[in-house]
Amino acid sequence: MQADSTSRSGTGRPTDLIIFGGTGDLAMRMLFPSLYFLEADGYLADDARIIGAARGDLSRDAFLDEVHKRLKSHIPKKYYDADVWDRFAQKVDYKSVDATDGSGFEALAAALRIRDGSEAVFYFSTAPRFYGDLCAQLKAHDLAGPQSRVVLEKPIGHDLTSCRAVNDAVGAVFPESRIYRIDHYLGKETVQNLIALRFANSLLEPLWNANGIEQVQITVSETVGVEGRWSYYNDSGALRDMLQNHLLQLLCLVAMEPPTSLDADAVRDEKLKVLRSLRPISKQENALKTVCGQYTAGAVDGKAVPGYFEEGEGESTTETFISLRADIDNWRWRGVPFYLRTGKRLPYRYSEIFIQFKDVPHSIFPEESNLTLQSNKLIIRLQPEETIKLLMMNKVPGLGRDGMKLQEVSLDLSMSDEARSRRRRIAYERLLLDVLNANSTLFVRRDETEAAWKWVDQIAEGWRELGQKPKPYAAGSWGPSASVALTERYGHSWHD
Ligand code: NAP
């Protein structure tokens with residue numbers, strides 16, 4: 001397999017990556033395939049070691065067999081290369097450990113001590129309730145020294161109080177500079193492209209404010225239901241599972257001021273200011289500015305699907321859909337609505353940032369042309385495809401008796417053709433490489449997670465105090481009709 005043009009050999013330092021939860025869904029579906037691709041592109045050091053760790057009593061061979069089987073079932077056939085696998089497999093090992101009673105940590109520590117001067121990255125891909133135990137075990141076995149870093153999977157808590165408890169437990173062992181909180185949306189190519197688009201071009205900046213922008217929409221729409229994770233999902237819901245992290249992180253990247261550099265703290269300081277500028281949604285405004293819903297039976301992709309509580313363990317008040325209007329109280333964004341929307345069992349799967357610019361102040365075109373005169377839009381698609389498009393008005397070519405006719409054309413600002421023909425990277429590849437290189441720019445700092453929870457908590461609190469129950473919506477629709485009314489109330493409509 002061809003390495004891409006930016007690849008190089010290794011990260012320059014011998015690094016051990018220990019994946020706690022190494023037999024779990026995330027590790028098998030995302031982390032090992034990403035590491036395999038880093039190996040294929042020459043990013044893993046020759047002497048890198050990757051150790052899967054979980055309670056299962058597995059031999060190294062049995063673990064490798066499972067990783068191999070799952071890898072082949074998850075990546076397209078054309079990207080599998082037996083030579084790369086052989087190289088990669090030599091780096092992979094397995095250790096049986098239990099976070100709660102510490103068994104197996106002695107052997108893990110002994111294996112890691114073999115090499116002096118190496119660095120260790122501990123990736124916590126277990127349920128978050130084990131994060132405190134894992135840190136305590138690492139400390140007790142002398143594995144939390146200055147050469148170690150820790151990666152935390154979401155969710156960091158389920159509200160501000162529990163988030164602080166997780167952060168305190170991890171922070172008691174690792175300083176903040178060595179804690180990497182993952183939000184895999186930040187590893188997506190188009191999300192980083194948004195940073196390039198905003199800060200490597202002077203064209204957009206004068207318009208990037210309340211004078212130039214009419215509205216911003218961020219949608220993460222899923223067609224799937226809860227997929228066998230009902231009890232996990234039922235404890236969280238769309239607000240906590242998706243909006244608190246992914247959607248608010250995207251909002252931060254759209255709304256933040258230009259950072260002084262791409263240094264981790266420079267970027268994260270600016271994101272934090274946005275989170276702190278989010279106007280709290282008061283109890284009085286809650287019903288006007290937020291909509292929560294829960295899917296009932298319906299059809300998605302032409303197939304009949306059951307409702308949320310039929311899939312699970314009875315009735316529930318957990319929301320599987322949320323849409324809301326957020327306002328950012330600062331000079332740049334005063335008055336510009338940021339509509340956020342995410343849900344399950346919606347008509348199709350896509351994630352998108354939609355930015356609508358202001359209308360021209362006065363139209364000089366004949367009346368019939370005005371019917372087609374549209375405001376400019378910037379549409380950043382994160383999935384299923386990764387594209388950036390700018391919609392502009394143009395003249396319909398040719399002669400016409402009735403004067404100039406207008407049409408909307410799309411300028412494609414996506415990657416070059418050469419980049420497009422390359423394999424689309426898994427978001428975790430970027431993030432794993434960054435953590436191996438100790439670059440935390442694309443990871444979320446403690447104060448960001450806490451500021452996001454603080455804002456989200458008051459919405460959930462408002463629902464509770466008002467006795468707001470999720471409104472039903474048929475699977476395969478765009479959520480409750482109140483969600484349509486939410487944008488229309490302010491003179492806008494969803495970009496579906
Ligand atoms: P999972 O499939 O349930 O896997 C959990 C892993 O933890 C297994 O390897 C399990 O193996 C191990 N484990 C459980 N108890 C343990 C203990 N006491 N000590 C050591 N290891 C233990 O979970 P997952 O879906 O991979 O999710 C892992 C983390 O990623 C969670 O925080 C989740 O919220 C987050 N996440 C997952 C996804 C996803 O797509 N799956 C997406 C975003 C975030 P044993 O039972 O053999 O110990």
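The values are calculated or read from the model by the stated rules, or taken from the named source; none is laboratory data. Since the structure is predicted, the reported quantities are computational estimates derived from the model, not experimental observations. Cβ sites come from the backbone with ideal geometry, for glycine too, and all protein chains shown count toward neighbours. SASA here: full protein model, heavy atoms, side chains in, ligands and nucleic acids out. Shrake-Rupley method; radii C 1.70, N 1.55, O 1.52, S 1.80 Å.
Descriptive notes on the structure:
- Flag if VAL67 is out of contact with any Ser or Thr (no Cβ under 7 Å at 6 or more places or on another chain), open to solvent by less than 10 Å² (accessible area, probe 1.4 Å), aliphatic (A, V, I, L, M) and away from the ligand (no atom under 15 Å from the Cβ): no
- The residue that is nearest to the chain's Cα centre (by Cα), counting only those in segment 409-453 that are at pLDDT below 95 and of a type in the set (D, E, K, R), is ARG425.
- Residue in segment 200-209 that is aromatic (Phe, Trp, Tyr) and either within 21 Å of the chain's Cα centre (by Cα) or assigned to a helix (DSSP H, G or I) (or both) present: no
- Of LYS78, LYS154, all but one fail to be basic (Lys, Arg), more than 18 Å from VAL173 (Cα to Cα), surrounded by fewer than 22 Cβ atoms within 10 Å (Cβ to Cβ) and within 12 Å of the ligand (Cβ to nearest atom); the exception is LYS154.
- Within segment 206-229, being away from the ligand (no atom under 16 Å from the Cβ), open to solvent by less than 10 Å² (accessible area, probe 1.4 Å) and of a type in the set (A, V, I, L, M, F, W, C) holds for TRP208, ILE213, VAL216, ILE218.
- Counting only residues that are touching a residue at least 60 places away in the same chain (Cβ under 8 Å) and more than 10 Å from the ligand (Cβ to nearest atom), segment 124-151 holds 2 of them.
- Pair list, Cβ under 6 Å, 6 or more apart: segment 84-105 residue free of Cβ contacts under 8 Å to residues at least 40 places away in the same chain, other residue open to solvent by less than 50 Å² (accessible area, probe 1.4 Å): ALA89/LEU64; GLY102/GLN137; PHE105/VAL97; PHE105/GLN137; PHE105/HIS141
- Scanning segment 230-246 for residues that are under 18 Å from ILE156 (Cβ atoms), out of contact with any Phe, Trp or Tyr (no Cβ under 7 Å at 6 or more places or on another chain) and within 12 Å of the ligand (Cβ to nearest atom) yields TYR232, TYR233, ASP235, SER236, ARG240, MET242, ASN245.
- Just one residue in the set ILE379, ILE426 is touching a Leu at 6+ places or on another chain (Cβ under 8 Å), crowded, with 16+ Cβ neighbours inside 10 Å and closer than 15 Å to THR190 by Cβ; that residue is ILE379.
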